[in-house]
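These notes concern the structure reproduced below.
Here, each number is a calculation from the coordinates, and none is a lab measurement. This is a predicted model, so every value here is computed, not measured. Positions of Cβ are backbone-derived with ideal geometry, glycine not excepted, and every protein chain shown enters the neighbour counts.
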Amino acid sequence: MTPKAATKKKPPKKQSPKKATAKQIKRVREIVEELKRVHPDAGIELKYRDPLQLLVATILSAQCTDVRVNLVTKDLFKKYKKVNDYADANINELEEDIRSTGFFRNKAKNIKACCRQLLDRHSGKVPQTMEELVVLPGIGRKTANVILGNAFEVPGIVVDTHVKRLSNRLDFTTNSNPDKIEFDLMELLPREEWTLFSHLLIFHGRRVCKARKPQCESCSVLSNCPFGRENLK
Ligand code: SF4
């Protein structure tokens, strides 16, 4: 995810996804059941104790691994405990504290500005709706869905680089725009499964369906994957 500038944003326009056919839904169901079997541990890997920590960790995770973010937040969360700590932070100090996650200047600016808005507009709490989240600095639909799905159990589909790649390879969508992909995927599964669906695709993308060398020959969803069958011809 490209870090977002700390400027005021407009809410995204409504999308018009294509309606999924019964055949598509059946195929997705088979894939999901198989992925559940193969990745029973699928879930969020960022470590956090409350919505604010998850918000900060998710902003830090842009262009960075979850392992690296967890290393950084281990100390960060001991130093910055409340929303005021980030909002009133010395920007240079905050930058140093998160430097190893990359894009640290933009991330520090966004975290500080975001926490300032949480104090000014939300009584210091992380809001629980997409509309309120996506207008905060540094928060796009992807980050908002991570927060909603994992901190508040509000279902959401997180379209990161893995979900984008797998959704195209598995022919869940023909779109390349993450927002359009998200709306296409929402048509394929019941709402209550959206969050787990994202985790399953992310785990499969990390472990099997890698960007450069997908392991199609040993992939358990090969029989349902057009890209994989083509790849092995
Ligand atoms: Fe990815 Fe290949 Fe599996 Fe399809 S068959 S999901 S391309 S690893």
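How would you rank 111-124, 206-219, highest first, on the average number of other Cβ atoms within 10 Å across their residues?
Output ranking for 111-124, 206-219: 111-124, 206-219.
What is the sum of charges around D75, taking Lys and Arg as +1, Asp and Glu as -1, for the other residues whose C-beta is under 15 Å from the C-beta of D75?
Result for the local shell: +3.
Does anything in the stretch 133-165 have its amide N under 17 Å from the 7 Å Cα→Cβ label point of S176, and if so which residues?
So the set is 160-165.
Please work out, to two decimal places, the log10 of the ratio I(q)/I(0) at q = 0.07, 0.15, 0.16 Å⁻¹ from a Debye calculation in which every Cα of the chain carries one identical scatterer.
At q = 0.07, 0.15, 0.16 Å⁻¹ the computed log10 ratios are -0.24, -1.00, -1.10.
How far, in degrees from 0 to 90, does helix 66-79 lean away from the longest principal axis of the Cα atoms of the chain, to the nearest 10?
Rounded to the nearest ten degrees, it is 20.
Between N231 and A22, what FRET efficiency follows from the Cβ-Cβ distance if R0 is 30 Å, with the result rounded to 0.05?
For N231 and A22, the calculated efficiency is 0.65.
Quick check for me: using +1 on Lys/Arg Cβ and -1 on Asp/Glu Cβ, what's the dipole size of the chain about its Cα centre, in debye to the nearest 20?
560 debye
Where does helix 22-38 land angle-wise versus the long Cα axis of the chain, in degrees 0 to 90, nearest 10?
Between the helix axis and the principal axis of the chain, the angle is about 70 degrees.
Using 15 Å as the cut-off for backbone N distance, which residues of the stretch 121-158 belong to the label zone defined by a point 7 Å from the Cα of I91 along Cα→Cβ?
Residues 137-138 fall inside that zone.
Would you give the gap between the C-alpha center of the stretch 182-221 and the C-alpha center of the stretch 31-65, rounded to a whole Å?
Measuring centre to centre over Cα atoms gives 13 Å.
Please report the relative contact order for the stretch 99-156, taking Cα pairs under 8 Å with a sequence separation of at least 6, and give it as a percent rounded to a whole number.
Values: 39 pairs, mean separation 13.8, N = 58.
Relative CO of the stretch 99-156 lands at 24 percent.
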